[in-house]
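Structure first, then comments.
The values are calculated or read from the model by the stated rules, or taken from the named source; none is laboratory data. The structure presented is a predicted model; accordingly, all values stated were derived computationally and were not measured. Neighbour counts run over all protein chains shown; Cβ positions are idealised from the backbone, glycine included. When the accessible area is computed, the model is the full protein with side chains, heavy atoms only, and any ligands, DNA or RNA have been set aside. Shrake-Rupley method; radii C 1.70, N 1.55, O 1.52, S 1.80 Å.
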Amino acid sequence: MDSSLLRAFVALADELHFGRAAEGLFISQQGLSKRIARLEALLGVQLFDRDRRSVELTPAGLRLLPEARRAVDAIDAVAAAGAPQADVLTVDVLDEHLAMLPRVRNLATSRPDLRLSTVMRHDATDAMEVLRRGGADVVMGRPGQLPAPWPSDIQGRAVLAEPIQLLVPVGHRLDRGAVSPAELADEPLWFPTASAPAEWTDLLDEFVDTFGLTVDQAGATFGFDHWLEQVGVGSVPPTLVGAAMVLPPGMRLARVPITDPTPVFNWWAMWRRRRPPSAIDDLLSGLASDHLVTGALWMPRNDEPFRGRVH
């Protein structure tokens with residue numbers, strides 16, 4: 001059997017859309033249709049129910065999918081094993097101001113043999129789309145942002161449960177050992193969301209709703225440094241940041257832990273199953289973290305099923 005037929009089947013099963021599947025395979029829709037028809041003829045079964053509005057797997061297609069995926073993964077593994085080892089692993093870190101860029105950069109500096117590069121999607125597209133379209137080999141982000149059920153062609157592993165902290169000017173009345181979400185309920189906060197990644201703002205919206213906080217999300221800044229400068233001089237209310245985010249030097253800002261519970265950004269690494277496991281293992285071992293958190297945690301509802309799990 002021609003492996004391109006199985007690859008076409010898996011691509012269409014992932015997308016359930018001829019146009020997107022064909023684009024991902026770099027072939028025409030007509031070419032994709034011919035491959036699916038040929039596979040169905042070889043097997044003597046119909047694999048998809050399709051009309052002008054929808055594409056769905058038949059029971060036969062559902063039975064074939066896991067076996068076809070394993071076959072395609074095996075072929076990709078063979079190709080990867082025979083490829084030159086100088087291959088660069090491209091990691092999408094979501095946004096340059098968040099925790100993963102400095103971590104991947106430090107790893108690349110300490111382990112030049114890993115040959116890492118980074119890209120940033122700024123959340124213009126979701127992690128699944130970036131992976132399926134080849135925009136990155138590994139995507140860092142929140143696993144709960146992927147559609148449920150978890151896509152069968154994507155694997156993932158927890159990297160970091162990053163606490164969300166309160167950021168105040170040094171000497172502010174909230175500049176103390178810790179503060180709880182309940183204590184923040186009556187405090188005005190400011191977090192301009194105009195240019196913030198949606199994975200962060202979605203978390204913020206649910207955090208605000210859950211604990212009854214008052215966060216002004218309007219207003220404008222002139223970049224990351226300007227936003228923090230305004231907080232540091234007290235011209236705007238306190239804000240929220242990730243504990244692993246690197247702040248510009250020289251600013252009189254104090255990080256205040258939020259506890260009982262501690263809100264966290266649940267960072268996961270996600271990749272297509274076709275990637276060589278050794279390359280992923282090297283990356284993740286270098287990014288291993290103590291998760292920075294003890295005690296009760298809070299995370300968005302759609303991230304809850306992924307606490308410490310591997311997909």
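What to note about this one:
- Single unsatisfied condition, PRO149 versus (1) closer than 30 Å to ALA13 by Cβ; (2) surrounded by 17 or more Cβ atoms within 10 Å (Cβ to Cβ): (2)
- Filtering the stretch 29-44 to residues that are touching a residue at least 24 places away in the same chain (Cβ under 8 Å) and open to solvent by 50 Å² or more (accessible area, probe 1.4 Å) leaves ARG35, ARG38, LEU42.
- Residues in the stretch 55-77 that are open to solvent by 50 Å² or more (accessible area, probe 1.4 Å) and farther than 14 Å from SER3 by Cα: GLU56, PRO59, LEU62, ARG63, PRO66.
- Number of the condition not met by PHE26 [criteria: (1) surrounded by fewer than 16 Cβ atoms within 10 Å (Cβ to Cβ); (2) of a type in the set (Phe, Trp, Tyr); (3) in contact (Cβ under 8 Å) with a residue 24 or more places away in the chain]: (3)
- Every pair of residues 6+ apart whose Cβ atoms lie under 6 Å, when the first sits in the stretch 183-209 and is part of a helix (DSSP H, G or I) while the second is among the hydroxyl-bearing types (Ser, Thr, Tyr): THR201/THR193
- Some residue of the stretch 96-115 being closer than 22 Å to MET128 by Cβ, open to solvent by less than 20 Å² (accessible area, probe 1.4 Å) and in a loop (DSSP other than H, G, I, E, B): yes
- Of residues in the stretch 226-243 being touching a Leu at 6+ places or on another chain (Cβ under 8 Å) and either closer than 18 Å to GLY295 by Cα or among the aromatic types (Phe, Trp, Tyr) (or both), the one least open to solvent (accessible area, probe 1.4 Å): GLY242
- Options VAL168, VAL179; residue that is over 28 Å from PHE306 (Cα atoms) and crowded, with 19+ Cβ neighbours inside 10 Å: VAL168
- Some residue of the stretch 214-225 being open to solvent by less than 30 Å² (accessible area, probe 1.4 Å), modelled with pLDDT of 90 or more and outside any helix (DSSP H, G or I): yes
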